[in-house]
1. Would you please name the residue that is least open to solvent (accessible area, probe 1.4 Å), looking only at residues in segment 131-177 that are farther than 21 Å from Arg116 by Cβ and not in a helix (DSSP H, G or I)?
2. Hey, does segment 104-111 have a residue that's buried (at least 17 other Cβ atoms within 10 Å of the Cβ), over 14 Å from the mean Cα position of the chain (by Cα) and in contact (Cβ under 8 Å) with a residue 12 or more places away in the chain?
3. Only one of these is open to solvent by less than 40 Å² (accessible area, probe 1.4 Å) and in contact (Cβ under 8 Å) with a residue 40 or more places away in the chain: Gly2, Gly34. Name it.
4. Residues being within 30 Å of Thr125 (Cα to Cα) and open to solvent by less than 20 Å² (accessible area, probe 1.4 Å): count how many of those fall in segment 9-31.
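The values are calculated or read from the model by the stated rules, or taken from the named source; none is laboratory data. All values reported here derive from a predicted model rather than from experimental measurement. Quick reminder, even Gly has a Cβ in these numbers, built from the backbone with ideal geometry, and neighbours come from all protein chains shown. Surface areas here come from the heavy atoms of the whole protein model, side chains and all, with no ligands, DNA or RNA. Shrake-Rupley method; radii C 1.70, N 1.55, O 1.52, S 1.80 Å.
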Amino acid sequence: MGSEPDLLLQAKQFDTCALAEIYDLYSPRLYRYGMRFLGDACMAEDCVAETFSRFLQALQSHRGPREYLQAYLFRTMHNLIVDHYRRQPTTEIPNDKPSGCENIEESTDHHLRQLRIRAAIHELTSDQQQVIALKYFEGWENEEIARALNKPIGAVKSLQHRALAHLQKILLDNETC
């Protein structure tokens with residue numbers, strides 16, 4: 001496996017092995033990222049495909065990433081997710097629990113909790129959403145996030161702090177309802 005700068009250089013020359021390696025390396029990560037925000041496997045797959053399609057189009061028109069390939073791909077994926085939600089009407093998340101056996105109840109509780117968390121994350125700003133997803137779901141370091149967002153590390157830490165505080169407030173408010 002080549003280093004990211006080497007892969008990017010080879011990809012700019014449309015080396016099929018490098019392009020395949022980039023896809024194999026980043027598509028599972030992008031898919032997980034999409035699933036966390038979208039909660040829909042088909043939509044996440046579509047966004048991954050569109051991310052790579054845009055990457056190839058950018059390379060073809062000599063507008064692709066100059067460096068930080070990972071940051072470029074995740075930023076593109078995130079923008080597609082944001083566009084998806086801008087086109088969708090918001091929906092209310094039910095607070096009631098269905099009756100039934102314990103396994104179904106536990107499964108339903110878990111599913112509703114995930115929906116509430118996903119809805120709470122969608123109330124954050126786009127930058128806050130990206131910081132939370134990259135930091136806690138993808139395990140990125142602050143420096144990597146800073147490169148992806150084109151922000152100083154201090155701004156990333158601030159975004160993270162404000163996002164966590166806002167999530168805590170939203171989720172605690174939802175519990176008391």
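1. Taking segment 131-177 and keeping what is farther than 21 Å from Arg116 by Cβ, we get 134, 138-159, 161.
Filter again for not in a helix (DSSP H, G or I), leaving 138-141, 150-152.
On the way: Glu138: 31, Gly139: 51, Trp140: 15, Glu141: 105, Asn150: 123, Lys151: 67, Pro152: 90 Å².
Among them, the one singled out is Trp140.
2. Here is the first cut: in segment 104-111, the ones buried (at least 17 other Cβ atoms within 10 Å of the Cβ) are none.
Checking segment 104-111: not a single residue is buried (at least 17 other Cβ atoms within 10 Å of the Cβ), over 14 Å from the mean Cα position of the chain (by Cα) and in contact (Cβ under 8 Å) with a residue 12 or more places away in the chain.
3. Details: Gly2 fails: in contact (Cβ under 8 Å) with a residue 40 or more places away in the chain.
It is Gly34.
4. Going through segment 9-31 one residue at a time, the tally reaches 4.
For (1) crowded, with 16+ Cβ neighbours inside 10 Å; (2) farther than 21 Å from Gly139 by Cα; (3) free of Cβ contacts under 8 Å to residues at least 12 places away in the same chain, each residue gets a yes or a no:
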site: Leu38; (1), (2), (3): yes, no, no
site: Cys42; (1), (2), (3): no, yes, yes
site: Ser53; (1), (2), (3): no, yes, yes
site: Gln57; (1), (2), (3): no, yes, yes
site: Gly64; (1), (2), (3): yes, yes, no
site: Glu67; (1), (2), (3): no, no, no
site: Ala71; (1), (2), (3): yes, no, no
site: Arg75; (1), (2), (3): yes, no, no
site: His78; (1), (2), (3): yes, no, no
